[in-house]
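Data block below; observations after.
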Amino acid sequence: MHGDAAVMFKLGFPLFLIGLALIVISIKMKEKLRRYEFNNRTSGGAVEFSSYEASRSHETKWRLTRVIMVFGVIPFLMGGCSMAIGLLNG
């Protein structure tokens with residue numbers, strides 16, 4: 001790899017890894033939330049919570065999961081593109 005290509009690859013790789021880690025964290029959080037919903041379904045199909053606060057907390061966790069996914073996809077794509085440019089120009 002030449003100078004610029006090596007720099008592009010070196011800058012992109014950490015971004016790629018950070019994005020990948022955030023995506024994995026988001027997927028694991030979603031799985032945990034889905035499991036909770038599955039285990040707490042009523043016979044009518046609604047998710048049952050012990051209190052209003054528990055319901056709000058669950059909704060907040062879903063929102064946080066989506067935010068983490070977005071903040072994971074952005075560096076993942078930026079890092080992947082930067083690495084690809086570095087490899088193609090090298």
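The values are calculated or read from the model by the stated rules, or taken from the named source; none is laboratory data. Owing to the predicted nature of the structure, the values given are computational and were not obtained by experimental measurement. Here the Cβ is made from the backbone with ideal geometry for all residues, glycine too, and neighbour counts use every protein chain on show. Accessible surface areas use protein heavy atoms only, side chains included; no ligands, DNA or RNA. Shrake-Rupley method; radii C 1.70, N 1.55, O 1.52, S 1.80 Å.
Numbers at a glance
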item	result
Sum of -39500 (n - 2.57) over DSSP H runs of 4+, divided by residues of the chain (222 nm, nearest 500)	-30500 deg cm²/dmol
Highest average packing first - 73-83, 34-44, Cβ atoms within 10 Å	73-83, 34-44
Phi to ³J(HN,Hα) by Karplus 6.51 cos²θ - 1.76 cosθ + 1.60 over the stretch 33-46, Hz, x for Gly, Pro	5, 5, 5, 4, 4, 4, 6, 10, 7, 7, 5, x, x, 8
Dipole of the chain, positive end: most advanced residue of 87, 71, 7 [Cβ charges, Cα centre]	71
Gain in span if fully extended, residue 4 to residue 37, counting 0.36 nm per residue against the direct Cα distance	6.9 nm
Per residue accessible area of the chain, 1.4 Å probe, in Å²	72
Apportionment of accessible area to carbon and sulfur, the chain, percent (1.4 Å)	68
Debye, to nearest 20: dipole size of the chain, +1 on Lys, Arg Cβ, -1 on Asp, Glu Cβ	200
Structure-derived Cα Rg over 2.2 N^0.38 Å - corresponding label in [x] 1.07; [y] 1.60; [z] 1.15	[y]
Long-range amide H partners of residue 40 with built H, under 5 Å	none
Derived scalar couplings ³J(HN,Hα) [the stretch 4-18; Karplus, 6.51 cos²θ - 1.76 cosθ + 1.60; whole Hz; x for Gly, Pro]	5, 5, 5, 5, 4, 5, 5, 6, x, 4, x, 4, 4, 5, 4
All lysines inside 27 Å of residue 61 as judged from Cα atoms, apart from same-chain residues fewer than 8 positions distant	28, 30, 32
